[in-house]
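Novice: My questions all concern the structure below.
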Amino acid sequence: MEDISKSKMPHEFKKKFGQNFISDTNLLAAIVRDGEITKDDVVLEIGAGEGSLTKQIAQTAKKVVSFEIDKDLIERLEGLKLENVDFVFADALKEDLSKIEDRLGGGKYKIIANLPYYITTPLIFKFLEGSQNLKSMTIMVQKEVAERIVAKEGGKDYGILSVMIAFFGNAKITRNVSRKLFYPVPNVDSAVVNIQIQKNKFDIDKVFFSKLVKAAFSMRRKTIANNLASGLDISKTELSQKLTNFDLSRRAESFSVEELVSIAQIMKK
């Protein structure tokens, strides 16, 4: 998420990195407010770009560690001379999580990121599933992805992403962002999502719950009984005997997160 300055040589946008820059300072400041960043916060930024959002975060946060995959931006970013910012020119998705958190000082931190579509889901899960120190994520994503993140049961957008994010915390869309604010102009609008992390929100092993949810949604047109029987290698008869309080002829998309947790707790036994 980057500032376009006519006084600079134009940056060669790289499609492989999903680069779409933005320079609206009001929007950038609003994203920092959405992230509830204070002078006591350590922030991990993913996707520094030319540093416009980085500067906004740095004005508010105690410390910023900012990852940027495009090494052609090294000179521009280091030229900003932001004293409380540590730029890391590497792929945050591939970097070992423990090494990332060591750079952050080993304590609690918040994430702010402008995520290309192709890394959105894996990057969210990298931190949700792997970190014990993450307090919140404030991410700009494609609007349709944002709607899937916050979706509730019963709708077409509700699925594995919705369930697993609700398992780890509480998500809300804080603002919609027109595609016209980006350069190059993308094909879709975006939205900012804030996810407040609640560790141990539910009393169930996260690895088993994730396996059960993936099984439940494996074939959306089939009943949850068919999907769980196949995905968990258990007969439908045994499922019915264990899950007597649930209508297993329903599809997974009709089950709330709380219902899926209850099913997981029973099946785990």
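Bear in mind that the values in this text are calculations on the coordinates, not laboratory data. Predicted model, so just to flag it, every value in this text is computed and none were measured. When we count neighbours, we look across all protein chains shown, and the Cβ atoms used for this are built from the backbone with ideal geometry, even at glycine.
Novice: Counting DSSP beta bridges in the chain, what percent are antiparallel, to the nearest 5? Intermediate results must be reported in sequence, preceding the final value.
Specialist: Values: 17 of 36 bridges.
The answer is about 45 percent antiparallel.
Novice: A further question on this structure: Full extension from Ser254 to Lys236: what is 0.36 nm times the residue separation minus their Cα-Cα distance, to one decimal in nm? Write down the numbers at each step before the final one.
Specialist: Numbers: separation 18, 0.36 × 18 = 6.48 nm, distance 1.88 nm.
Between Ser254 and Lys236, full extension yields 4.6 nm more.
Novice: Also, I was wondering about something else. Mind pulling up the Rg/Rh value for the range 9-155? Radius of gyration and Kirkwood radius, both on Cα.
Specialist: Rg/Rh: 0.94.
Novice: Quick one: if you take sqrt(5λ) for each eigenvalue of the C-alpha gyration tensor of the range 141-269, what semi-axes come out, biggest first, whole angstrom? Please list the in-between numbers first.
Specialist: Values: eigenvalues 210, 51, 22 Å².
After diagonalising the Cα gyration tensor, the semi-axes are 32, 16, 11 Å.
Novice: I've got another one for you. Can you give the Kirkwood hydrodynamic radius for the range 48-99, in Å, rounded to one decimal and based on Cα pairs? Numbers along the way, then the final one.
Specialist: On the way: mean 1/r = 0.0883 Å⁻¹.
After inverting the pairwise mean of 1/r, the radius is 11.3 Å.
Novice: Moving on to the next point. Whole-Hz Karplus ³J(HN,Hα) for the range 136-142, in order, using 6.51 cos²θ - 1.76 cosθ + 1.60 and θ = phi - 60°, x for Gly and Pro?
Specialist: Here the 3J(HN,Hα) series is 7, 10, 10, 10, 9, 9, 4 Hz.
Novice: Here's something else I'd like to know. Would you please give the residues with an amide H less than 5 Å from that of Leu80, counting only those at least 5 places away or on a separate chain, with H modeled from the backbone geometry?
Specialist: The list, which skips near neighbours in sequence, is empty: none.
Novice: Taking just the alpha-carbon atoms of the chain, what radius of gyration and Dmax come out, in angstrom?
Specialist: 20.5, 70
Novice: Then there is this: Nearest 0.05, what FRET efficiency do Lys201 and Asn26 give at R0 = 25 Å with Cβ-Cβ as r?
Specialist: Working: r = 34 Å, r/R0 = 1.35.
The value I calculate is 0.15.
Novice: Right, another one. Give me the Kirkwood hydrodynamic radius of the range 123-187 in Å, from all C-alpha pairs, to one decimal place?
Specialist: Values: mean 1/r = 0.0759 Å⁻¹.
Computed over Cα pairs of the range 123-187, the Kirkwood hydrodynamic radius comes out at 13.2 Å.
Novice: Okay, moving on. Quick one: Cα centre-to-centre distance for the range 244-267 and the range 104-165, in angstrom?
Specialist: 23 Å
Novice: Something else: Separation between the Phe125 and Arg220 pseudo-spin-labels, each 7 Å from Cα along Cα→Cβ, expressed in nm?
Specialist: With each label placed 7 Å out from Cα toward Cβ, I get 1.7 nm.
Novice: On to the next question. Let me have the 222 nm mean residue ellipticity of the chain computed from DSSP H runs of 4+ only, each contributing -39500 (n - 2.57), with the sum over all residues rounded to the nearest 500. Can you show the working numbers first?
Specialist: Numbers: 11 runs with 100 residues, N = 269.
Counting only the DSSP helices, I get -10500 deg cm²/dmol.
Novice: Now, a different point. Restricting things to Cα coordinates, could you compute the convex hull volume per residue of the range 193-269 in Å³? Kindly include the intermediate steps, with their values, before the conclusion.
Specialist: Details: hull volume 7.8 nm³, N = 77.
That works out to 101 Å³ per residue.
Novice: Continuing with this model, one more query. Could you give the length gained on full extension between Phe208 and Asn187, defined as 0.36 nm per residue of separation minus the Cα-Cα distance, in nm? The partial results should precede the final answer.
Specialist: Values: separation 21, 0.36 × 21 = 7.56 nm, distance 3.75 nm.
Working it through step by step, the gained length comes to 3.8 nm.
Novice: Still on this structure: At a Cα cut-off below 22 Å, give the lysines reachable from Lys236, other chains included and same-chain residues fewer than 8 away excluded.
Specialist: Counting by Cα, and skipping residues close in sequence, Lys236 has these lysines nearby: Lys211, Lys214, Lys222, Lys268, Lys269.
Novice: Given the range 93-240, what percent of its DSSP beta bridges are antiparallel, to the nearest 5? Please report the intermediate quantities before stating the final value.
Specialist: Details: 15 of 21 bridges.
Just about 70 percent of them are antiparallel.
Novice: Taking a spot 7 Å from the Cα of Ile266 along the direction of its beta carbon, which residues of the range 216-240 have an amide N less than 11 Å from it?
Specialist: So the set is 239-240.
Novice: Residue-wise, which Karplus ³J(HN,Hα) couplings in Hz belong to the range 40-53, taking 6.51 cos²θ - 1.76 cosθ + 1.60, θ = phi - 60°, and x for glycine or proline?
Specialist: Per-residue couplings from phi come out as 9, 8, 9, 10, 9, 9, 10, x, 6, x, 8, x, 5, 6 Hz.
Novice: Multiply the residue separation of Lys81 and Lys156 by 0.36 nm, subtract the distance between their alpha-carbon atoms, and state the gained length in nm to one decimal.
Specialist: Working: separation 75, 0.36 × 75 = 27.00 nm, distance 4.64 nm.
Net length gain for the segment: 22.4 nm.
Novice: Of the peptides 141-151, 249-259, how do they stack up when ordered by the mean number of other Cβ atoms within 10 Å, highest first?
Specialist: Details: 141-151: 20.5, 249-259: 16.5.
Top to bottom by mean Cβ count within 10 Å: 141-151, 249-259.
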